[in-house]
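Undergrad: I have a structure I would like to understand better, so I am pasting it below and will then ask my questions one at a time.
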Amino acid sequence: MRTDSWSDTAFMSPQALSNSQARAKHFAGLAQQALIAEAELTPKPGLVDRRGSGVHSDLSLAILRHSAFAIEPYFSAMASIPPGTAPSQPLREWLALVGREAEHAMFKATGGSNSHKGAIWTLGLLLSAAAMGERDELDGRTIATSASKIASFEDRALPRLVSHGDVVAKRYGVMGARGEALCGFPHVINVGLPMLHLRRAIGATESVARLDALLSIMSRLDDTCLLYRGGKEGLMAAKGGAAAVESAGGNGTPIGRLRLKHLDQQLLTLGVSPGGSGDLLAATLFLDAVERGENEVQADQSRSEGTYGAD
């Protein structure tokens with residue numbers, strides 16, 4: 001059975017414990033808000049957003065919101081680690097246990113649909129690593145490095161557990177979600193965050209900045225969600241289409257918007273969506289809020305632009 005917090009908190013003073021619990025609730029709230037902000041961002045190619053369900057017949061925006069709230073308490077547990085705690089085998093296995101319970105809560109909330117399994121892995125590692133850091137260490141790269149150290153330990157409780165992403169990663173020789181974590185989340189640190197910051201710096205709206213961060217990740221990531229549904233054709237279509245939007249100056253330009261619309265229609269035709277990239281965008285938004293010392297992830301302000309596949 002899951003414990004409410006990492007066992008080391010039993011040795012903390014009441015004041016320190018209270019501070020740790022407040023910090024855990026704060027990080028969990030940011031993670032939940034990042035998931036909802038990513039889900040609401042519109043228009044995303046092939047993914048659930050305000051227009052509809054994209055290629056996901058078993059998901060909707062309402063389901064994704066419900067799922068994010070259902071797993072927030074487990075994020076809070078994962079973030080209960082006292083500052084200064086070092087990555088370790090017992091910590092990794094405790095986080096895995098909490099993660100499996102979060103997945104159970106997710107499936108219960110969604111009626112059996114996989115809404116956030118990848119995000120539980122990614123955000124679980126990052127918010128745990130953020131909680132472990134001292135207040136002057138809360139920059140994205142430091143957090144991602146700590147998360148990679150946690151991920152380097154095996155979960156001995158389920159050593160043979162293999163996901164669809166693991167199968168696809170092995171088949172195509174790509175990193176997958178575990179490889180991304182082990183490498184310190186390079187598509188978040190070196191791609192998503194810099195693009196988000198760049199677009200803000202030149203005066204883009206927050207929605208444009210977030211969409212361009214997503215497209216930048218898509219153009220570079222060997223997304224196992226795309227490979228699982230559409231093989232190399234699906235992956236190359238997504239990467240090439242996202243790069244085309246980027247080369248046009250992003251989705252804030254007229255040509256960029258036309259290319260994004262074309263990419264959206266292409267992915268719908270192929271029946272694929274960049275779910276892994278979506279998870280990494282949520283991670284980008286989480287780390288951005290942590291770095292800036294924000295109390296919350298700003299709610300998405302984008303609006304629906306017609307229906308999927310509309311001319």
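Here, each number is a calculation from the coordinates, and none is a lab measurement. Keep in mind that this is a model prediction, so the values were computed, not measured. Glycine also receives a Cβ, built like all others from the backbone with ideal geometry; neighbour counts cover every protein chain displayed.
Undergrad: As an exercise, identify the trypsin sites (Lys or Arg not before Pro) in region 60-168 lying in DSSP coil whose Cβ has no more than 15 other Cβ atoms within 10 Å.
TA: Numbers: sites: Arg65, Arg92, Arg100, Lys108, Lys117, Arg135, Arg141, Lys149, Arg156, Arg160; in loops: Arg156, Arg160.
Of the trypsin sites (Lys or Arg not before Pro), the ones in loops of region 60-168 whose Cβ has at most 15 other Cβ atoms within 10 Å are Arg156, Arg160.
Undergrad: Under a crude label model (7 Å from the Cα following the beta-carbon direction), how far is Ile202 from Lys232 in nanometres?
TA: Modelled inter-label distance: 3.3 nm.
Undergrad: So which of Lys108/Lys261; Lys44/Lys170; Lys44/Lys232; Lys108/Lys149; Lys149/Lys239; Lys25/Lys170 end up more than 25 Å apart by C-alpha?
TA: Values: Lys108/Lys261 34 Å; Lys44/Lys170 28 Å; Lys44/Lys232 20 Å; Lys108/Lys149 31 Å; Lys149/Lys239 29 Å; Lys25/Lys170 36 Å.
Among Lys108/Lys261; Lys44/Lys170; Lys44/Lys232; Lys108/Lys149; Lys149/Lys239; Lys25/Lys170, the Cα-Cα distance tops 25 Å for Lys108/Lys261; Lys44/Lys170; Lys108/Lys149; Lys149/Lys239; Lys25/Lys170.
Undergrad: In addition: Counting helices only, and only those DSSP H runs with n ≥ 4, report the 222 nm mean residue ellipticity of the chain as the sum of -39,500 (n - 2.57) divided by its residues, in deg cm²/dmol to the nearest 500.
TA: Computed mean residue ellipticity for the chain: -20500 deg cm²/dmol.
Undergrad: Could you work out the Rg to Rh ratio of region 185-240, with Rh taken as the Kirkwood radius (inverse of the mean 1/r over all Cα pairs)?
TA: 1.06
Undergrad: For the chain, which DSSP H helices look membrane-span-like by this rule: Cα extent along the axis of 20 Å or more and mean Kyte-Doolittle of at least 0.5?
TA: Values: long enough: 14-40 (39 Å, -0.24); 61-78 (25 Å, 0.87); 89-110 (31 Å, -0.28); 117-132 (23 Å, 1.36); 206-220 (22 Å, 0.48); 224-247 (27 Å, 0.20); 254-270 (24 Å, -0.12); 275-291 (24 Å, 0.85).
Helices meeting the criterion: 61-78, 117-132, 275-291.
Undergrad: OK, next. Please report the Cα spread of region 107-152 along all three principal axes, rounded to whole Å, starting with the longest.
TA: 41, 21, 13
Undergrad: Now, a different point. Of Thr253, Val191, Leu235, which is farthest along the charge dipole of the chain in the positive direction, counting Lys and Arg as +1 and Asp and Glu as -1 at C-beta?
TA: After comparing all options, I get Leu235.
Undergrad: Taking amide H atoms as placed 1.01 Å from N in the peptide plane, list the residues 5 or more away in sequence, or in a different chain, whose amide H sits under 5 Å from that of Asp49.
TA: Long-range HN contacts for Asp49: Gly54.
Undergrad: Projected onto the charge dipole of region 113-254 (+1 at Lys/Arg Cβ, -1 at Asp/Glu Cβ, origin at the Cα centre), which of Leu123, Ala169, Thr205 gives the Cα projection farthest towards the positive end?
TA: Ala169
Undergrad: How do Met175, Met78 rank when sorted from fewest to most other Cβ atoms within 10 Å of their own Cβ? The partial results should precede the final answer.
TA: Values: Met175 18, Met78 29.
Going from sparsest to densest Cβ surroundings: Met175, Met78.
Undergrad: Give me the percent of Cα-Cα pairs in region 146-303 that sit more than 26 Å apart, rounded to a whole number. Display every interim value, and only then the final one.
TA: Values: 3696 of 12403 pairs.
Within region 146-303, distances greater than 26 Å cover 30 percent of Cα pairs.
Undergrad: Using a/c under 1.5 as the rounded threshold, could you call region 86-213 rounded, prolate or oblate? The axes a ≥ b ≥ c are square roots of the C-alpha gyration tensor eigenvalues, and prolate needs a/b larger than b/c, oblate otherwise.
TA: Numbers: a/c = 1.69, a/b = 1.37, b/c = 1.23.
The shape class here is prolate.
Undergrad: A further question on this structure: Can you compute the charge dipole magnitude of region 37-80 about its Cα centre, using +1 on each Lys and Arg Cβ and -1 on each Asp and Glu Cβ, nothing else charged? Give it in debye, rounded to the nearest 20.
TA: Details: 4 positive and 5 negative charges, 27 e Å.
Roughly 120 debye, rounded to the nearest 20.
Undergrad: What ranking do Val245, Val208 get, fewest neighbouring Cβ atoms within 10 angstrom at the top? Don't jump to the answer; show the numbers that get you there.
TA: Values: Val245 27, Val208 20.
Ordered by Cβ neighbours within 10 Å, fewest first: Val208, Val245.
Undergrad: Using a 10 Å cut-off on Cβ atoms, rank the peptides 269-275, 251-257 from the highest mean neighbour count down.
TA: Values: 269-275: 21.9, 251-257: 17.1.
The densest-packed peptide leads the list: 269-275, 251-257.
Undergrad: When the C-alpha atoms of region 235-289 are aligned to their principal axes, what extent does each axis show, in angstrom, from largest down?
TA: 31, 26, 14
Undergrad: Next question. How would region 45-109 be classified by its alpha-carbon gyration tensor: rounded, prolate or oblate, with rounded meaning a/c under 1.5 and the a/b versus b/c comparison settling the rest?
TA: The shape class here is prolate.
Undergrad: Only Lys, Arg, Asp and Glu count, each charged at its Cβ (+1, +1, -1, -1), so figure out the dipole size of the chain about its Cα centre, rounded to 20 debye.
TA: On the way: 31 positive and 33 negative charges, 107 e Å.
My answer is approximately 520 debye.
Undergrad: Project the alpha carbons of the chain onto their principal axes and report the range along each, largest first, in whole Å.
TA: If we take the Cα atoms of the chain, the spans are 61, 43, 32 Å.
Undergrad: Taking the Cα centre of region 136-235 as origin, work out the dipole magnitude from +1 charges on Lys and Arg Cβ and -1 charges on Asp and Glu Cβ, in debye rounded to 20. Spell out each step's value before the answer.
TA: Working: 13 positive and 12 negative charges, 62 e Å.
So the dipole magnitude of region 136-235 works out to roughly 300 debye.
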